[in-house]
Amino acid sequence: MFKNPVGISKNLWGYRQLIKDLTFREVASRYKGSVLGILWSFITPLLMLVVYTFVFSEVFNSKWNAASNSKIEFAIILFCGLVTFNIFGDVVSRAPSLILNNSNYVKKVVFPLEILPVVALGSALINSLISMGLLILFIGLFMGAIHWTLIFVPIVLCPLLLLAVGLGWFLSALGVYLRDIAQVVTIAVQALMLLTPIFYPATLIPKDLLFLYFLNPVGYVVENMRKVMIWGQTPEWGTLGVEMLIGVIVFFVGYIWFQKTRPGFADVI
């Protein structure tokens, strides 16, 4: 049992080659047998972008700000939020079934089950990197500049990655004992996506509901990602510090929960 996040990170680093191999195998298996293969990683986000942009900017006539009627700008802002949230949503949505879907590893004493949520995160990151590449291309083509503040993207994403892995450990262990949690998590992730300022600016949130925004750590990450990627601004360092603290706590608690409940996996499965 590791007593601190640094020890946990060192343990995971020791399995880095196994994590890398499993991550690429998972990405490859996702598109195995399909005609277009890895091209779906490009096509899927583009289709999502077109659909969401049409629904919100054409059907609902949504605008990001009153000074601009640009549908392309709206699409880029929306896409940035979606790409960021999907990293978190993909890992958390899959988490309750991770151990159950890899039950063949459970009785292998030497296999480090704790890497499975990390592998899920790695797979989500590969897909998101493709989407981010498209996003940067769109920003350069349609907004006229690619900002130097892109260097802050890894720092801004760090709390979200810690949060995703920590919740991944917690939910993957809980999913072994409580199978219904998968359905609950699916609904919760969809609700969280709508409560996060992805399709609308945070300024439109009614004052009596602002507490929902302040309690949502994903919302801060989405806003900071737009700052550094689209607007060329530095992150909001105060909120970034709070996000990092929350991420480290969830990361640590999730790992401890996973290791405490792990001995019973084989009996339940």
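Please determine whether any residue of region 118-133 is of a type in the set (A, V, I, L, M, F, W, C), out of contact with any Lys or Arg (no Cβ under 9 Å at 6 or more places or on another chain) and without any contact (Cβ under 8 Å) to a residue 12 or more places away in the chain.
Yes, there is a match, as at least one residue in region 118-133 is of a type in the set (A, V, I, L, M, F, W, C), out of contact with any Lys or Arg (no Cβ under 9 Å at 6 or more places or on another chain) and without any contact (Cβ under 8 Å) to a residue 12 or more places away in the chain.
If you check 3, 10, 63, which single one turns out to be at pLDDT below 85, among the charged types (D, E, K, R), out of contact with any His (no Cβ under 8 Å at 6 or more places or on another chain) and surrounded by 12 or more Cβ atoms within 10 Å (Cβ to Cβ)? Reasoning before the result, please.
Working: 3 fails: surrounded by 12 or more Cβ atoms within 10 Å (Cβ to Cβ); 10 fails: surrounded by 12 or more Cβ atoms within 10 Å (Cβ to Cβ).
Going through 3, 10, 63 in turn, the sole match is 63.
Quick one: which helices (runs of 4 or more DSSP H) sit completely within region 67-146 and have at least 1 residues that are buried (at least 17 other Cβ atoms within 10 Å of the Cβ) and of a type in the set (D, E, K, R)? Show your work before the answer.
Working: elements: 71-94, 98-101, 103-106, 116-142.
Counting at least 1 such residues, we get 71-94.
For region 232-262, name all the residues that are crowded, with 20+ Cβ neighbours inside 10 Å and either part of a loop (DSSP other than H, G, I, E, B) or among the charged types (D, E, K, R) (or both).
Matches in region 232-262: 235, 243.
Are any of the residues in region 164-171 surrounded by fewer than 18 Cβ atoms within 10 Å (Cβ to Cβ) and either in contact (Cβ under 8 Å) with a residue 24 or more places away in the chain or not in a helix (DSSP H, G or I) (or both)? Give the steps one after another, and end with the answer.
Of region 164-171, the ones surrounded by fewer than 18 Cβ atoms within 10 Å (Cβ to Cβ) are none.
Within region 164-171, not a single residue is surrounded by fewer than 18 Cβ atoms within 10 Å (Cβ to Cβ) and either in contact (Cβ under 8 Å) with a residue 24 or more places away in the chain or not in a helix (DSSP H, G or I) (or both).
When residues of region 102-118 are filtered for being under 23 Å from the mean Cα position of the chain (by Cα) and not acidic (Asp, Glu), how many remain?
Here is the first cut: in region 102-118, the residues under 23 Å from the mean Cα position of the chain (by Cα) are 102, 112-118.
Next cut, not acidic (Asp, Glu) only: 102, 112-113, 115-118.
Going through region 102-118 one residue at a time, the tally reaches 7.
Look through region 119-148, keep the residues that are within 21 Å of residue 91 (Cβ to Cβ) and not aliphatic (A, V, I, L, M), and return whichever of them is nearest to the chain's Cα centre (by Cα).
128
Looking at this structure, is residue 228 among the β-branched types (Val, Ile, Thr), part of a helix (DSSP H, G or I), modelled with pLDDT of 90 or more and over 30 Å from residue 99 (Cβ atoms)? If you could, list the steps in order and put the result at the bottom.
Details: among the β-branched types (Val, Ile, Thr): yes; part of a helix (DSSP H, G or I): yes; modelled with pLDDT of 90 or more: yes; over 30 Å from residue 99 (Cβ atoms): yes.
Spelling it out, residue 228 is indeed among the β-branched types (Val, Ile, Thr), part of a helix (DSSP H, G or I), modelled with pLDDT of 90 or more and over 30 Å from residue 99 (Cβ atoms).
Tell me which residues, restricted to region 107-125, are of a type in the set (Gly, Ala, Ser) and in contact with a Ser or Thr (Cβ under 8 Å, 6 or more places away or on another chain). Full working, then the answer.
Restricting attention to region 107-125, the residues satisfying the condition of being of a type in the set (Gly, Ala, Ser) are 120, 122-124.
122, 123 - these are the residues of region 107-125 that are of a type in the set (Gly, Ala, Ser) and in contact with a Ser or Thr (Cβ under 8 Å, 6 or more places away or on another chain).
Every residue in region 73-104 that is over 29 Å from residue 55 (Cβ atoms) and free of Cβ contacts under 8 Å to residues at least 24 places away in the same chain, please.
Answer for region 73-104, where residues must be over 29 Å from residue 55 (Cβ atoms) and free of Cβ contacts under 8 Å to residues at least 24 places away in the same chain: 101, 102, 104.
With the structure loaded, tell me whether residue 149 is of a type in the set (Val, Ile, Thr), in contact (Cβ under 8 Å) with a residue 24 or more places away in the chain, part of a helix (DSSP H, G or I) and surrounded by fewer than 17 Cβ atoms within 10 Å (Cβ to Cβ) or whether it fails that test. Walk me through how you get there before you give the answer.
Numbers: of a type in the set (Val, Ile, Thr): yes; in contact (Cβ under 8 Å) with a residue 24 or more places away in the chain: yes; part of a helix (DSSP H, G or I): yes; surrounded by fewer than 17 Cβ atoms within 10 Å (Cβ to Cβ): no.
Considered against the rule, which asks whether it is of a type in the set (Val, Ile, Thr), in contact (Cβ under 8 Å) with a residue 24 or more places away in the chain, part of a helix (DSSP H, G or I) and surrounded by fewer than 17 Cβ atoms within 10 Å (Cβ to Cβ), residue 149 comes out as no.
Does residue 208 meet the test of being farther than 30 Å from residue 111 by Cα, charged (D, E, K, R) and part of a helix (DSSP H, G or I)? Spell out the reasoning first.
Numbers: farther than 30 Å from residue 111 by Cα: yes; charged (D, E, K, R): yes; part of a helix (DSSP H, G or I): yes.
So residue 208 passes the test.
Have a look at 185, 242 and point out the one that is in contact with a helix residue (DSSP H, G or I) (Cβ under 8 Å, 6 or more places away or on another chain) and either aromatic (Phe, Trp, Tyr) or at pLDDT 95 or above (or both).
Values: 242 fails: either aromatic (Phe, Trp, Tyr) or at pLDDT 95 or above (or both).
Of 185, 242, the one residue that is in contact with a helix residue (DSSP H, G or I) (Cβ under 8 Å, 6 or more places away or on another chain) and either aromatic (Phe, Trp, Tyr) or at pLDDT 95 or above (or both) is 185.
Does residue 244 count as within 17 Å of residue 80 (Cβ to Cβ) and either in contact with a Leu (Cβ under 9 Å, 6 or more places away or on another chain) or not acidic (Asp, Glu) (or both)? Break it down stepwise before answering.
Numbers: within 17 Å of residue 80 (Cβ to Cβ): no; either in contact with a Leu (Cβ under 9 Å, 6 or more places away or on another chain) or not acidic (Asp, Glu) (or both): yes.
So residue 244 fails the test.
The values are calculated or read from the model by the stated rules, or taken from the named source; none is laboratory data. Since this is a predicted model, take the numbers as computed values, not measurements. With ideal geometry, Cβ positions are generated from the backbone for all residues, glycine too; neighbour counts draw on all protein chains shown.
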